[in-house]
Structures are given as C-alpha cells and as structure tokens.
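All of the numbers you see were taken from the coordinates with simple rules; none came from a lab. Since the model is a prediction, treat every value here as computed from it, not as a measurement. For neighbour counting, all protein chains shown are included, and Cβ atoms are generated from backbone atoms with ideal geometry for every residue, glycine included.
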Amino acid sequence: MGSIEIFDHTADVGFKIRGRDLNDLFQTAAQGVFDYIVVNRRDVRIEQCDTLSLAADSPSELLTTWLNELIYRLETEHRLFVEFDVTVADDGRSLHAVIGGEPIDHDRHVLDHEVKAVTHHGLALARIGEEWVAEMILDI
C-alpha cells in the first residue's frame with residue numbers, strides 16, 4: 001500500500017502520495033482524502049458498492065477526476081467510502097473502480113474537514129524510480 005504526507009498550503013491542504021503503481025496510488029489517494037474528511041474512516045461500513053468508469057486526457061487529470069467524483073458522491077449522496085478497488089488502464093487515461101461505503105451516520109461518524117475539490121493548482125504526477133508520486137492541493 002502507498003503512503004500519504006499532508007502539508008500546509010496557505011488556506012488549503014496539500015497531499016503527497018506515493019504508490020507502487022497507478023492502481024495503488026489512486027487507491028491510496030482516495031483513502032487519504034476520506035481519512036481527512038472523517039476521523040474514524042475505519043468505522044465506515046461497506047453497505048453498498050458502486051462501480052464507475054472514468055476517462056481523462058492524462059494520468060494527472062484522471063487522478064483529479066477520480067477524487068472529485070468521490071467528493072461529488074459524498075456531497076450529493078451523503079455517503080462515506082472506505083473501499084476503493086481501482087484498476088487504471090496502462091496508458092493512465094481511464095479507470096474502472098468499485099467503491100464501497102455507507103450513508104453518513106452522525107451518531108457514528110466523526111466528520112473532521114470539508115473538502116470542496118481537488119484543484120489543478122500544484123498538481124503533479126510522475127513515476128520516480130520504482131514508484132509513482134503525486135502532489136495535489138485540496139480546496140477546503
């Protein structure tokens with residue numbers, strides 16, 4: 001599994017994500033965003049799973065599209081997600097994913113930060129040695 005470092009960025013927050021491949025990086029990024037949103041993400045149950053397919057012009061654009069889709073579903077469906085089974089195409093321009101979670105339960109879930117979107121400002125994604133590394137800014 002990949003890793004995440006959080007760094008301050010003026011009024012927003014930055015993430016530096018590492019993964020052994022793009023699948024791992026996209027999964028780790030999603031976990032990191034939801035760890036930032038809900039303190040006790042591990043208490044979120046998998047009551048419903050959805051499949052989704054996304055495409056973009058580049059791997060970095062796909063990463064932004066992926067995370068913004070998850071944030072959109074959180075906001076419109078009032079659901080938290082804990083499972084992210086992601087398969088990114090070899091060219092990094094499309095993905096298929098199964099996401100699992102449950103509706104927000106304010107008696108059980110401790111919400112910490114509101115994330116509005118992943119911005120294009122400061123977005124970087126590159127293969128460095130044996131791993132993939134991404135940096136992004138979350139608009140909070």
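Some observations on this one:
- Charge sum, other residues only, whose C-beta stays under 13 Å from D85's C-beta, Lys/Arg counted +1 and Asp/Glu -1: -3
- Long-range amide H partners of N40 with built H, under 5 Å: V110
- Derived scalar couplings ³J(HN,Hα) [segment 52-67; Karplus, 6.51 cos²θ - 1.76 cosθ + 1.60; whole Hz; x for Gly, Pro]: 8, 10, 9, 9, 7, 7, 8, x, 5, 5, 5, 4, 4, 4, 4, 5
- Karplus-derived 3J(HN,Hα) values for segment 82-89, using 6.51 cos²θ - 1.76 cosθ + 1.60 with θ = phi - 60°, are 10, 10, 9, 9, 10, 10, 9, 4 Hz; glycine and proline are entered as x.
- Net charge contributed by nearby residues that have their C-beta within less than 13 Å of E61 (K/R +1, D/E -1): -2
- Note that segment 83-140, at 25 °C in a medium of 0.890 mPa s, gets a Stokes-Einstein diffusion coefficient of 168 µm²/s from its Kirkwood radius over C-alpha pairs.
- Note on S58, S94: ascending count of other Cβ atoms within 10 Å places them as S58, S94, the fewest first.
- Across segment 99-107, computed HN-Hα scalar couplings (Karplus, 6.51 cos²θ - 1.76 cosθ + 1.60, θ = phi - 60°) run 10, x, x, 8, x, 4, 10, 5, 7 Hz from first to last residue, x flagging Gly and Pro.
- Computed over the chain, the ratio Rg/Rh where both radii use C-alpha atoms and Rh is Kirkwood: 0.94
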